[in-house]
Every structure is written in structure tokens, then in C-alpha cells.
Amino acid sequence: MKNDADATHTLSPATFGEPWPEFNDGVTYRDLVRSPDSGLTLIEFYSRRHLSSAPSLGWLQRIENGQITVNGRVVADPNTVLRIGTELVYYRRPWKEPYAPFLLEVLFEDDHLIALNKPSGLQVLPGGLFQQRTVLTQLQWRMKNQESLLVDQESCPAPVHRLGRGTSGLLLCAKTKLAKTRLAAIFADKTSAVVGDRNFDNEVNKVGKMSKIYRALACGIINEDEIVIDQPIGTVKYPGVAKGLYVASPSGKPALSKVHVLKRDVQNNLTVVQVEIQSGRPHQIRIHLSYIGHPLIGDPLYLTGGRPQCSISETVGETFAEDGPANPVPGDCGYYLHAHQLVLYHPITNEVVKITAPLPAVFLSHESRE
């Protein structure tokens, strides 16, 4: 089987990863028809319930291609009437996922945690076009290759927070169910505790507190040396994003970012910044820097004001059944954001843990310029 990466890479003891197969295994999505949908036709059901995945024409193509079963039987008639309790399964055929790196550097590891240096371009969890080429898949493959873990029923390697696909740097993962539960509680607690909290310390000073520090390249020259941004973040409907797009919104949830200017590159009209957050909302740094008029260099989505600026196309191509969004989406790469450092109390030992992900060359280059 062909791979899109060379399998002869020499791996250091602190690096792991297996090349991706050319095609994934496809994905199945299950639905159960409930009372409000009884009497709908097959095409009506999918067009109404899963419009964010594809418009009616896209679902029509999938039905006629035999990709949907009704109670275990392939049904190609879009006008089939559905009844309560009917089981529907949509099978998304195997596809060649877009290029994604596969090597992961281990920054810290013990019996409970593993911290990785995630490369830009690698998605953390399955979603959209990336169902196999994810950090989670590499973690699961690593567990299977370590025979000693196979007998440990408590082993549960999984990321406990997310980084955008285009974001590089430190990703904290749990190795056991207990660590995952406790870390999830810490992240949830610190996200909800940002209301009115402007005291960002570089070190943890109480149990459960954490600090995350990022590096970013922002458009334009930021005149202030430090800025505290407390713009709330909410969601709006957006094509290609099923649960809505996160944007700056007065009615959104609290979010707080402390921005510190490290370097002003007047010649290239950009500013190198350090941004500190406690846990955080999805795409918080991208949204907040955009909100103050300094979006990330190369960001294809958040251009200004913390909201997207792109046209919404209603046209559908003949190959829409392959599931490809036409507009920029949060997972698109091109921006420069790096999760640089994490400080927190260890969820099991209660010791202070400080982990740093080395800066990519592009950041070192800009920071070293006079």
C-alpha cells in the first residue's frame, strides 16, 4: 500500500508516528427516526437534519450512490417514507485524506500524562475530511504497539484539549481514565473562572490553576506593550461548520487573553506577541487578535473584528458528495500560532509541572531580527 510519507524516517527515542495509509476506512453515521420525523421521505430527513453536511443535491447523490441503508437494507429511492424507530446508516466511502504530518515529539511523559509537540497541519481529533490522520489515531497506534499497555484496562490515551489544525506546539494528553477525568475538570474549571480574573501569573499558585502561553505573528504593528482582551466569544451559523462558527460576540461566553509584545517588525508590518490564557475558548487567540484589528498573519478566516469575512456560496458542484466545504473554515491552515508553554498542577501527584515546546523556525527568525 502506498503512503504519502517516507516510512524510512529515523525516529529519536522522544519521537513516534506511523505513516498514513493512502486511504482511510471510511466512516459510518447512524440515525434513529423519532416521532417528529415520522412520515418524512429519506431525502427530506437528511436535507433537514444534516443540511450542514450537504445540501439536498449532495444528499440526493449519496442516496442514489447506495451509501444509505434503511434498517440494514440499501435504499436508493430518495422518496422512501420513514417511520418511527427506523435505523438509518450513512456510509461515507474511503477517501484519501489531505496531506498531514505524522511524526510527534514527546515533550513530557509519565504513567499518567504525555505532552506532545504537535506540528502545524495535523488535526487533533477526527472531523470533516480528517477522520484517520489525527493525533488521536497516532496515540492509539502507539498504545497498540506497546504490549505492556494492552493488559492495562485503565489505559485511555487521549488529548484533553484541542489545538487548531494549523496551530503547532504543546498538546497535553491523558494516558489513563483517571488522569483524563481530572484534567478535563481542570480545563473546564479554568475556562469558567476567567470572569473578572485579570491576574495572570506565569507560575501556578494554587491547586488546579493552569497557565498556557502561546506565540503568534500578528498583522500590523501593535503600539501597546501589553493588552488585556476580555471580549466574549459565541457562535453563529456558518456553512461547513455543523455546530456553528466561534466569533467575537457580546452575548457569548467570557474569554480573557493577555497579549505581550515581544518584537515589532516594522519592515514586514507584523508584531511577534506572547499570549497567555487560562484554558480558553475555541480559536480564542485568533478571534481576540482579530477583534483588536491585528489578525494572525495568514489567517484565512478571522480577518478583522473577530468575525469571518468571506462570501457564502450557494452553488454545489457535481462532486459535493465527497464532502468539501467551499468557504474557509477554522481548520484551514496558513496562520502562525504556537502553543509554547504550559504550567499546571499534576492531576495525580499534585506537583507543579512546567512544559515547553520549542519554537518553530519561523518564530525564531522573526524574533532574532533587528
Check your understanding: Just checking, which of R83, R48, R62 is basic (K, R), assigned to a helix (DSSP H, G or I) and modelled with pLDDT of 95 or more?
Key -> R62
Check your understanding: Filtering the stretch 262-296 down to residues that are of a type in the set (V, I, T) and under 19 Å from the mean Cα position of the chain (by Cα), which residue is farthest from G220 (Cα to Cα)?
Key -> I277
Exercise for review: Test L289 against the stated conditions and say whether it is modelled with pLDDT of 95 or more and assigned by TED's automatic domain parsing to the domain that holds L172.
Suggested key: yes
Study note, to complete from the structure: Of those in the stretch 323-349 that are more than 25 Å from V259 (Cβ to Cβ) and loosely packed, with under 15 Cβ neighbours inside 10 Å, the residue modelled with the highest pLDDT is T349
Revision key, fill the gap. Counted residues in the stretch 65-87 being buried (at least 16 other Cβ atoms within 10 Å of the Cβ) and closer than 23 Å to F130 by Cα come to 2
Exercise for review: Would you check if there is a residue in the stretch 2-25 being modelled with pLDDT of 95 or more and of a type in the set (S, T, Y)?
Suggested key: no
Review point. Do any strands (runs of 3 or more DSSP E) lying entirely in the stretch 123-241 carry at least 2 residues that are at pLDDT below 95, and which ones are they?
Key: 155-159, 168-176, 210-219, 233-238
Point to revise | Residue satisfying condition, being under 30 Å from V343 (Cβ atoms) and of a type in the set (D, E), within set D110, D77 | key: D110
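The values are calculated or read from the model by the stated rules, or taken from the named source; none is laboratory data. Keep in mind that what you see is a predicted model, and the values were worked out from it rather than measured. Backbone-built Cβ (ideal geometry, glycine too); neighbour counts: all protein chains shown.
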